[in-house]
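Remarks on the structure that follows.
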Amino acid sequence: MSWLAAFCLLPAGAIGASADEFRTPSISAVRVEWRAVLDQLRSEINTQPAIAPTFTFSGQRRVPAWNPRSTPALVQLNAVTSQVFAGIGRSPVPVLLPFDTAGYLEARASGAKDSPSVSRHQADFRPADLFYAGPAGYDAQFSLEPGAGDGMPQRTFARPVEVQVTGSILTYDLADPQGGKGEPVKALAAQFPDLRRFIREGYVRYAFTRFGVPYVVSIQCLDSAPRPRRLACREAYPVAEHFLKALRIAGGLPSRPRWDISSDLAERPTAVSPVFTYRPSGDIIASSGSRKQGGHVDWTAYSQIRFPVEKAPAFVISQSFARRAKTEHPSSGYLWRDNFCEPRSFNVGQCTSGFGHQGEDIRPGSCATPAEGTPTCDRKQQGVVAVRDGVVIRSPKQQAATLQINTAKEHIRFRYMHMNPSSMDADGVLSGRQVAEGEKIGVVSNYLDRPNGTSLHLHFDVQVFTRDGWIWVSPYTTLISAYERLIGARGREIGIEPQTPAAVAHALPEDVVHHDLREGGEN
């Protein structure tokens, strides 16, 4: 672990050191203070005296703390709230949501309809757009309509504001120069003594610890003036704080103790591919980084994933600095190159300049043509597949789809971009859909706000959960590792000598089109 920490602290662009092996991430596990959870739950339930006697807070003393019989009140709570938030009892951390369970039960007991309005007991937030609990914790997303919420200020933004919340028993250990920063929120100091508010990577975030568990509430926004189509971060503050004030214990159940997960060597094939080669991590095209900075060295394979493009060959290459050029057939060799820290207007804390691409561009290779003269595939119909078993996060009409993974050893997200929104809508690739590893979820396309808005490629990125919330990390090594499993052979790292955009032309598919950032960048 000390070797990994030292390596991650190398300055960005220091690509002189070659990595013969890839590493898995280092992950910390927290211990949950369940007695404090029960104390708070009791005080919340006692706000409705008619409901309080229905909960049993004295469990059996001779059973382990993780046995459900030790916390019967939590079992009862999950039985109620699972009707609204399916699977809530799978969370090994207390689930904090803007849901008033006591008020909900009181309304039902007092003769209200069988299904009293959820929004009425949810601080006027709509029913959850997404709720997903698993062995690592939980993730949820709620929306607040314009004008909704008692005492809320008028908002310029004309659409519902989406609020995300995550609580996790696992946090990824990153060499993070921006980590741990933020300012207190005086109005919430009594309820959340350690609350930090900060704007990072396109989101305003509120991070706090409760019962020993890290939680982060976040809203995507722009650090700019309010506009009807662009939510300003200052405009998001009151929505997030309205959400935080309404948080109550909604479920969760103790699990067996967890242990920290140390970094280790990542599994790789032993056979060596005669054709698959790659430049080192962080070795982006010379002078292409924001403010002339180099890339970010990261030899971590963050997850053992299935490669996101259905078939080989495929290329991880720049789509913004590559010019049209002839290439050798993949059977003669092809070269990958990192583009995680290429210049974009997106905040990326792992990049030295603070800005970057957020992920990697993947381009499907040309289809082989057999002797009969018929191509073996259609490049415009190259399948995009789920890299792991998980749950989709995506609203209708969005061009991006995120895959949420929640297991006993991982809490990680993978985002896909540039697929056609209409096709994804028609295929039901929407929030809450569960998909299996290898399941087709779309095709490689060129959608960027409109059809033909970019080149034919897939943008793919990775986010891991930290005490600052979901942070973008370099997916380059993860993709190399996944591609090696796809082709059943290990790639070969190629030199570190400086390269210009023209010098990598031989490694690119012949129909790569140059995209000048001055004409409007893309992700």
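Quick notes
- For residue 224, the test of being assigned to a strand (DSSP E or B) and farther than 30 Å from residue 67 by Cβ is failed.
- The residues in the range 150-167 that are of a type outside the set (A, V, I, L, M) and under 25 Å from residue 469 (Cα atoms) can be counted, and the count is 7.
- For the range 474-493, the count of residues that are at positive phi and in a loop (DSSP other than H, G, I, E, B) is nonzero.
- The residues in the range 396-424 that are in contact with a strand residue (DSSP E or B) (Cβ under 9 Å, 6 or more places away or on another chain) and buried (at least 17 other Cβ atoms within 10 Å of the Cβ) can be counted, and the count is 19.
- Test set (1) among the aliphatic types (A, V, I, L, M); (2) modelled with pLDDT under 95; (3) assigned to a helix (DSSP H, G or I); (4) within 30 Å of residue 408 (Cα to Cα) - residue 75 fails condition number: (2)
- Candidates are the residues of the range 103-138 that are touching a His at 6+ places or on another chain (Cβ under 9 Å) and free of Cβ contacts under 8 Å to residues at least 60 places away in the same chain; the one that is surrounded by the most Cβ atoms within 10 Å (Cβ to Cβ) is 104.
- Residue within the range 487-495 that is among the small types (Gly, Ala, Ser), closer than 21 Å to residue 268 by Cα, surrounded by fewer than 17 Cβ atoms within 10 Å (Cβ to Cβ) and at pLDDT below 95 present: yes
- Tally of residues being under 21 Å from residue 358 (Cα atoms), of a type outside the set (Gly, Ala, Ser) and assigned to a strand (DSSP E or B) across the range 395-428: 11
- Just one of the listed residues (208, 192, 198, 243) is surrounded by 15 or more Cβ atoms within 10 Å (Cβ to Cβ), of a type in the set (Phe, Trp, Tyr) and assigned to a loop (DSSP other than H, G, I, E, B), namely 192.
The values are calculated or read from the model by the stated rules, or taken from the named source; none is laboratory data. Predicted, not measured: the structure shown is a model, and the values here were computed from it. Note: ideal-geometry Cβ built from the backbone for every residue, glycine included; neighbour counts use all protein chains shown.
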